[in-house]
Amino acid sequence: MATGDIHNAESILGFSGTYGYEKCENYFLFQSEITLGNGLRALLYLLGLAYCFFGLSAITARFFRSMENVVKQTRKVVEIDHNTNTETIRHEKVWNYAIADITLLAFGTSFPQISLATIDAIRNLGQIYAGGLGPGTLVGSAAFDLFPIHAVCVVVPKAGELKKISDIGVWLVELFWSFWAYVWLYIILEVWTPNVVTLWEALLTVLQFGLLLIHTYAQDKRWPYFSLPLARTERPEDWVPVEASLDKHDNNDYSEILQLSEADNTNIVDIFSIHSEKETGPLYQPVSDSDAAESSNGNFHNKSILQDFNVFTVWKHQFMDAIMLENPESRKLNNTYLRLARGTWRLILAPWRVLFAFVPPCHIAHGWIAFICSLIFISGIAYIVTKLTDMISCVTGINGYVIAFTALASGTSWPDLVASKIAAERQTTADSAIANITCSNSVNIYIGIGIPWLIDTTYNFIAYREPLRIENADGLSFSLLIFFLTSIGCISVLVLRRLTLGAELGGPRIWAWITSVYFMSLWIVFVVLSSLKVSDII
């Protein structure tokens with residue numbers, strides 16, 4: 001082996017920092033990190049990044065549970081029969097299911113990317129050039145949402161089981177705004193003001209999220225002149241079958257304190273129960289009879305819990321659950337190796353679980369406090385992720401956009417994958433599984449890129465009277481173009497499956513796996529071509 005090769009290998013492995021090998025002078029926690037080899041440092045930072053993604057997964061579970069309590073909030077409606085002069089009390093859900101899909105579900109699952117992009121924008125505040133970490137992550141996340149998540153969802157249903165979109169009209173509206181988001185971004189970067197983002201462009205980007213909400217609500221309610229003339233077909237009475245809710249609620253790895261015994265598992269409302277049983281009113285939808293036990297409804301259930309267990313007792317149980325290495329479900333397993341694996345996994349996640357136990361119990365204030373606290377923790381993890389990404393780029397020399405397209409996009413999109421997979425498993429239709437994908441892509445652009453750009457352009461306009469410049473606009477525009485072309489291939493296959501098999505998800509096992517492999521191939525094409533372009537190789 002040549003002397004140069006030896007020196008190079010030694011430096012990579014961390015044995016040597018001499019012989020002219022360029023070292024990264026920045027450090028993450030301790031200045032002594034600089035004495036380590038770049039290869040060893042890259043490995044440690046990658047492990048730290050992976051551990052942050054585990055944390056995102058853990059806090060997302062608590063975030064989902066808080067969102068369950070938010071969306072199951074009801075209001076009491078008193079109806080008077082003028083003929084008999086009798087009162088009828090009904091409890092109707094406050095949240096419209098289509099709006100909840102876009103705001104709480106899609107926005108919540110996309111919050112890791114949104115907070116990462118916002119933090120990146122704040123770090124670059126006052127700079128003429130925008131940071132590339134946020135936009136790169138969001139575009140890469142869109143590709144991950146569209147291709148790998150579709151690839152997972154299409155094989156989730158049981159062999160031969162078909163799950164299709166019941167409300168094609170709402171899906172088409174969401175799909176239109178999802179596609180338009182990336183066309184709009186390309187217009188900003190290449191057509192309207194090339195390589196520059198102005199204050200008004202950023203503001204228009206954010207405002208289009210409001211238009212998405214209005215258009216989706218209009219389509220759901222079939223407003224004249226504002227909606228497509230497509231009937232809602234085959235909407236099931238139960239979006240989440242009772243047996244599915246009973247079978248799937250004992251994932252004790254994410255056990256909530258309100259599950260005070262195994263028998264109480266059936267009382268936990270599924271995240272997708274925001275979808276109605278029947279549509280009876282113009283604005284609100286009723287809760288099932290079991291949930292709306294006469295006038296007190298869920299409030300009586302919460303009050304009865306609080307009578308027996310005060311808030312501090314409930315909170316204390318969260319910490320006890322966080323430090324337990326075995327749960328009742330694990331103790332039932334006869335396989336020693338499986339029990340050991342579960343215990344090891346809980347031990348690895350123990351620091352995160354203890355930290356997230358500080359999130360208040362999810363039943364307080366309809367879950368809003370836990371909801372907000374979960375978002376704060378997600379933002380904190382996102383900040384650590386941005387620092388680790390900077391370090392990985394520094395010690396490896398890999399373009400930051402490439403890391404954003406691949407590692408960051410995949411890791412921060414994990415909540416999207418979990419949400420869509422759960423929807424594909426538990427719901428009798430494919431509406432929320434696919435809606436979460438399309439809506440998340442829209443949220444990524446209108447909010448995830450729009451808000452950071454609005455922050456930076458506003459500051460630059462006030463401080464310098466200058467617009468915000470995009471340093472690698474050509475690479476980002478190229479990625480948008482590749483994404484647009486590959487997404488057409490993805491949607492075309494979904495349409496083809498609808499026409500031939502009658503559903504977007506499931507079906508014969510062989511065709512489901514062929515579709516899944518095809519979607520993954522599209523993602524690989526996007527990642528490879530985008531990475532080569534931003535690295536100036538093509």
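The values are calculated or read from the model by the stated rules, or taken from the named source; none is laboratory data. From a predicted model like this one, the values you see are computed outputs, not experimental measurements. Quick reminder, even Gly has a Cβ in these numbers, built from the backbone with ideal geometry, and neighbours come from all protein chains shown. Just so you know, the surface numbers come from the protein's heavy atoms only, side chains and all, with ligands and any DNA or RNA stripped out. Shrake-Rupley method; radii C 1.70, N 1.55, O 1.52, S 1.80 Å.
The residues of the range 22-110 present an accessible area of 46 Å² per residue when probed at 1.4 Å with all protein chains retained. Over the range 60-103, the ratio between the Cα radius of gyration and 2.2 N^0.38 Å evaluates to 1.67. A cut-off of 5 Å between modelled amide H atoms, ignoring neighbours fewer than 5 places along the same chain, links LEU162 with GLY507. For q = 0.14, 0.21, 0.28 Å⁻¹, what log10 I(q)/I(0) does the range 333-381 give under the Debye formula with an equal point scatterer on each alpha carbon and no solvent? The computed values of log10 I(q)/I(0) come out as -0.51, -0.75, -0.96. When the chymotrypsin sites (Phe, Trp or Tyr not before Pro) in the range 469-522 are filtered for DSSP coil states and for at most 15 other beta-carbon atoms within 10 Å of their beta-carbon, no site remains. Rolling a 1.4 angstrom probe over the range 388-493 with all protein chains present gives an accessible area of which 65% lies on carbon and sulfur atoms.
Which far-off residues, 5 or more places away or on another chain, put their amide H under 5 Å from the one on VAL196, with H placed in the peptide plane? Those qualifying (amide H under 5 Å, at least 5 residues apart or on another chain) are ILE470.
Residue ranking by accessible heavy-atom surface, 1.4 Å probe, largest first, among SER379, SER141 comes out as SER379, SER141. Taking the square roots of 5 times each eigenvalue of the Cα gyration tensor of the range 30-147, largest first, gives ellipsoid semi-axes of 48, 17, 13 Å.
Both radii come from the Cα set of the range 319-456: Rg as radius of gyration, Rh as Kirkwood radius; their ratio Rg/Rh reads 1.02.
Probing with 1.4 Å while keeping every protein chain in the model, the per residue accessible area of the range 379-480 equals 29 Å².
Ligands, DNA and RNA excluded, the heavy atoms of TYR464 present near 100 Å² of accessible surface to a 1.4 Å solvent probe.
Applying the Karplus relation 6.51 cos²θ - 1.76 cosθ + 1.60 with θ = phi - 60° to the range 492-504 yields 3J(HN,Hα) values of 4, 5, 4, 5, 4, 5, 5, 6, 9, 9, x, 7, 7 Hz, where x marks Gly and Pro. Legend: residue pairs LYS164/LYS421; LYS93/LYS221; LYS387/LYS533; LYS72/LYS316; LYS387/LYS421, Cα-Cα distance threshold 18 Å; pairs beyond threshold, LYS387/LYS533; LYS72/LYS316; LYS387/LYS421. Between VAL78 and LEU211, full extension at 0.36 nm per residue minus the direct alpha carbon distance yields a gain of 44.6 nm.
A convex hull fitted to the Cα coordinates of the range 445-506 yields 100 cubic angstrom per residue.
Surface composition of the range 165-209: carbon and sulfur atoms hold 81% of the protein heavy-atom accessible area at a 1.4 Å probe. Nonpolar atom fraction for the range 62-160, defined as the carbon and sulfur part of the 1.4 Å probe accessible area, stands at 52 percent. Within the range 138-177, the percentage of alpha carbon pairs spaced more than 17 angstrom apart rounds to 51%.
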